[in-house]
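Data first, discussion second: the structure below is written as structure tokens.
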Amino acid sequence: MKTKIFIINTLFLCSLAMLMSCGQSGDSGSSGALGSSIAEKVYVAPGERDEQYAFLSGGYSGNLTVYGLPSGRLFKEIPVFSQFPTSGYGYSEETKPMLNTSFGFIPWDDLHHPDISQTNGELDGRWIFANGNNTPRIARISLTTFETEEIIEVPNSAGNHSSSFITENTEYVVAGTRFSVPVPQKDMPIKDYKANFKGALTFITVDQQHGHMDIKFQLMMPGFNYDLSHPGRGKSHGWFFFSTYNTEEANTLLEVNASQNDKDFIAAVNWKKIEQYVNNGGGTKMAAKYAHNVYDESTHMATSTIKEEVLTVNPADVPGAIYFLPTPKSPHGCDVDPNGEYIIGAGKLSANITVHSFDKMLSAIEGQKFDGDAYGIPILNYDDVLAGSVQSGGLGPLHTEFDGRGNAYTTFFISSEVVKWKLGTWEVVDRKPTYYSVGHLMIPGGNSRKPHGKYLVAMNKITKDRYLPTGPEMEHSAQIYDISGEKMELLYDFPTHGEPHYAAGCNAELLVNNSKKIYRLDENKHPYGITRPSEARVERKGKEVHIYMSTIRSHFTPDNIEGVKVGDKVYFHITNHEQDFDVPHGFSMIGQATSEILIMPGQTKTSLWEPKRVGVWPFYCTDFCSALHQEMQGYVRVSPANSNIELSWSLDE
Amino acid sequence: MKNAGILMILGSAMLVGLFFFPMWNIRLGAPQYPEPLGIDIHVNGLRGESEFDIQNIDGLNHYIGMKTLPKPEDMWEFSVFPKVVAAMALIGIVIGLLGVFQKISPIWFLVWFVLMSILGALGIYDFNLWLVSYGTDLDPNAILKLVNPDGTPMQYNPPLIGHKKLLNFDAFSYPRAGGIMLGVGMLLTLAAYYFGQKSRFTIK
């Protein structure tokens, strides 16, 4: 008995000691995310909502993910460039055209750099744009439906990487090529790259009412690699800045051969000047095939149009529109501060960050102080345009964002950290490690005139031991830092889907009230949609069978169909008659060589089934829509190809 | 008596509010309906608090075999009530005017009030009958056939006023602006009678 009491007392003392030590580490606050005050900063209580939206690119997932800040909770994966069986995007008849290209249907891409539309340099929350890197494309995603509404292919481009950044009134979404290619494409020796390949910088106009995109012109630049870009803002609005590497124009073993020049360039492009030139009839039309895919919210259908022609501009024809700013060590990130004065080039093999001055650039241009030219494009003197250099103490700077309080934050891939420094004095204020090897970073609004500088998200390339192990392949990892104080504070880790390259974020208020809850059935203009169950029917057109079907909790109308034959192409056109928030219905058919479709209230989607065997085959609702979800099913009778059974359909007869 | 007459006019004129604002409201909230579904009961018909609320309530009610909510043409009340209300408002205003010009005794104000009270009570009685009928006259083939612990079929009529738990739903039933104006208006007419009487006796 005594021993028992002794043990209990000891346990009690031990736990007391543990409690106290916990309290101490919390008080000190410097012990990382264990501190209770830090936990509170990311804790969003059940039922509460996050302060900010974060749209993270999915990289090789081809899609865009929507997270909340500061919680790091995942809200949605928006399918953009990849087929998405979860909703049927790229599988349904309506959305297959979204993935059409001049190469035909492509089920995947590598989505890199999301950017939210702006008005007067501030986020306006209308759309978010994103680039497909592999088969060059730009997508526009609606921020009322959070669905992809448009994809335009970019011809004459390859490795669409210095994209999809927008000018401060969303006049243009800009797409630059990372890989230069023969323009037009032709059969030629690879070793003849130099002076023969071209790098296209594409300026795509955005219709302000509908957001529709159209290629205005393609600037045919020398055959460098155009890596990243950003628009000027404020006083530098009208200019666009592109970082380049491989100004050596190597075509093999680039890791060595493209690292020989001490300095590559940031190309400064006066797009307003070129726009004027084009508006006055300048430029050369050339044949180029590219797809333009538009999703119509009222018909719930996408159409793909192949365009045949693009307007190209030769830099030599618009003197004074383009200049090269020498920038050391193969610059990667090319970022412009909120005031539009500083152009930051992050030499990815360097310890330091190079900052150019827009004002100094203008005076150097005015003074005609050039240091030669490259293919006729004037090169400015490095010293004439340099505003300063950040002696960072890190290695491998990549990307820079801003907090709107005169500070810049740069990621360092090699030394795996975020470094905070002051614009103008170039002094380093703080540095915090990232886990591990950070690529992009994002401050909501950090790519606009008005950043919301409270949180910073670092998106890392290497995860290793940050989470419970899941075999050799694992998700990437992001970290959230509080940047409201002088020193950055690491708050939280969260796994991210795919490989986020860059992200865009905004305050929640900008979007919450515009987010749609349902599609209105009375506005549904789908040619195979039905607005009343009494219109449900089945029609045969030769080998095609069209089923006009409706769903409401918890049945399909009709749910018994006979007269289908082996070899038919059966189209299920399903309209969800619900007009209640968050009541989707799904559909799938046994043996169907496609994904399910998930149909939102008021929407119509079409699923194709090609029955191969005689029998009676069931279909069902894939979304647990209601208490009677398990009852939401039906049968299709499939008869031999030569059978003469008439089409018939019914519900509850 | 002049002031009492004005009160009478004011009070009976407030009935007109029934043509602009809902008289009553029934709201159904549940865990999965953080934004409750609501029915606004107007003197001439039912309307959803949000555009699709009626449709969505009907959708839910089909599980328990309840009839779909009535359209204005489905119930005589929705054509008769507006006429009664308009007539009573008009009569009240006329009586009030006569009062202002000292043509009638304030007792008429009381007569109007009592008549209106009887009509109101009949209206509420009718409303309750309707609630009970909807809540109990259920399709025998309903998907959900629930019984009370004593074996009697469960009834789903919302409360006449106040709160009641209906399966997973919390039903709240309360007057809205139109109904409140009706109540306040009636009190004003009662006050008109009181002050009218008082002024008569003081004059004497």
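Need one number: nm distance between label points at A:Glu523 and A:Ala195, each 7 Å from Cα along Cα→Cβ, rounded to one decimal.
Roughly 5.8 nm, to one decimal.
Among A:Thr65, A:Thr327, which comes first, second and so on when ranked by fewest other beta-carbon atoms within 10 Å? Don't jump to the answer; show the numbers that get you there.
Working: A:Thr65 22, A:Thr327 28.
Arranged by neighbour count, lowest to highest, A:Thr65, A:Thr327 become A:Thr65, A:Thr327.
Per residue of region A:409-426, in order, report the coupling 6.51 cos²θ - 1.76 cosθ + 1.60 (Karplus, θ = phi - 60°) as ³J(HN,Hα) in whole Hz, putting x for Gly and Pro.
10, 10, 8, 10, 5, 6, 8, 6, 7, 10, 10, 9, 9, 9, 5, x, 9, 6
Per residue of A:577-583, count partner chain C-beta atoms within 10 Å of its C-beta, then hand back the mean as an integer.
Working: counts 2, 4, 7, 10, 7, 1, 3.
Averaged over the peptide's residues, the number is 5.
Along each of its three principal axes, how wide is the spread of alpha-carbon positions in region A:110-233, in whole angstrom units, largest first?
Answer, in whole Å and largest first: 48, 28, 21 Å.
In whole angstrom, note down how far apart the Cα centers of region A:235-280 and region B:76-110 are.
84 Å
Rank the residues B:Leu69, A:Leu69, B:Leu115, B:Leu37 as a footprinting-exposure proxy: fewest other Cβ atoms within 10 Å of their Cβ go first.
On the way: B:Leu69 17, A:Leu69 28, B:Leu115 13, B:Leu37 23.
Lowest count first: B:Leu115, B:Leu69, B:Leu37, A:Leu69.
Where a ≥ b ≥ c are the square roots of the eigenvalues of the C-alpha gyration tensor, would you call region A:302-454 rounded, which needs a/c under 1.5, or, failing that, prolate if a/b is larger than b/c, or oblate? If you can, show how the numbers build up before the last one.
Working: a/c = 1.87, a/b = 1.29, b/c = 1.45.
Verdict is oblate for region A:302-454.
Could you check the simple spin-label distance between A:Leu651 and A:Tyr467, using points 7 Å along Cα→Cβ, in nm with one decimal?
Distance between label points: 4.2 nm.
When the Karplus curve 6.51 cos²θ - 1.76 cosθ + 1.60 is applied with θ = phi - 60°, which whole-Hz ³J(HN,Hα) does each residue of region B:107-121 get, with x for Gly and Pro?
My calculation for region B:107-121 gives 4, 5, 4, 5, 4, 4, 4, 5, 4, 5, 5, 5, 4, x, 4 Hz in order.
Pairs to check: A:Lys194/A:Lys289; A:Lys369/A:Lys422; A:Lys289/A:Lys569. Give those whose C-alpha atoms are more than 27 Å from each other in this structure. Mind dumping the intermediate values first?
Values: A:Lys194/A:Lys289 25 Å; A:Lys369/A:Lys422 29 Å; A:Lys289/A:Lys569 31 Å.
Over 27 Å apart, Cα to Cα: A:Lys369/A:Lys422; A:Lys289/A:Lys569.
In the protein assembly as shown, what percentage of the DSSP-assigned beta bridges are antiparallel, given to the nearest 5? Kindly include the intermediate steps, with their values, before the conclusion.
Details: 181 of 197 bridges.
Looking only at bridges with both residues in the protein assembly as shown, the antiparallel portion is about 90 percent.
Between the helical axis of B:177-203 and the dominant principal axis of chain B, each derived from Cα atoms, what acute angle in degrees is found, rounded to the nearest 10?
The helix B:177-203 is inclined about 20 degrees to chain B.
Treat every Asp and Glu Cβ in region A:72-188 as -1 and every Lys and Arg Cβ as +1, leave all other atoms uncharged, and give the resulting dipole magnitude about the Cα centre to the nearest 20 debye. Before the final figure, lay out the partial values.
Numbers: 8 positive and 15 negative charges, 54 e Å.
That gives a dipole near 260 debye.
Determine the percent antiparallel among the DSSP beta bridges restricted to region A:509-570, to the nearest 5. Each step should come with its number before you reach the end.
Numbers: 8 of 10 bridges.
Around 80 percent of the beta bridges assigned by DSSP in region A:509-570 are antiparallel ones.
Quick check on the exposure proxy: order B:Phe127, B:Phe201 from fewest to most C-beta atoms within 10 angstrom.
Details: B:Phe127 16, B:Phe201 7.
Ordered from fewest to most neighbouring Cβ atoms within 10 Å, B:Phe127, B:Phe201 come out as B:Phe201, B:Phe127.
Does region B:1-102 come out rounded, prolate or oblate, given a ≥ b ≥ c as the square roots of the eigenvalues of its C-alpha gyration tensor, rounded meaning a/c under 1.5 and, failing that, prolate meaning a/b above b/c? Could the numbers behind the result be given before it?
Numbers: a/c = 5.07, a/b = 2.55, b/c = 1.99.
It is prolate, given that a/c is not under 1.5 and a/b is the larger ratio.
Taking the Cα centroid of region B:1-34 and of region A:316-353, what is the distance between the two, rounded to the nearest whole Å?
Result: 68 Å between the Cα centres.
With a ≥ b ≥ c the root eigenvalues of the C-alpha gyration tensor of chain A, is it rounded (a/c under 1.5), prolate (a/b larger than b/c) or oblate? Kindly include the intermediate steps, with their values, before the conclusion.
Working: a/c = 2.26, a/b = 1.23, b/c = 1.84.
In terms of gyration-tensor shape, oblate.
Provide the FRET efficiency to the nearest 0.05 for the B:Lys165-B:Thr68 pair, computing r from the beta carbons and using R0 = 22 Å. List each step's numbers first, then the result.
Numbers: r = 23 Å, r/R0 = 1.05.
According to the calculation, E is roughly 0.45.
Using a Förster distance of 25 Å, how high is the FRET efficiency between B:Leu115 and B:Tyr174, based on the Cβ-Cβ distance and rounded to 0.05?
On the way: r = 25 Å, r/R0 = 1.02.
E(calc), rounded to 0.05, equals 0.45.
Bear in mind that the values in this text are calculations on the coordinates, not laboratory data. Please read these numbers as outputs of a predicted model, since none were measured by experiment. Virtual Cβ from ideal backbone geometry, glycine too; neighbours counted across all protein chains shown.
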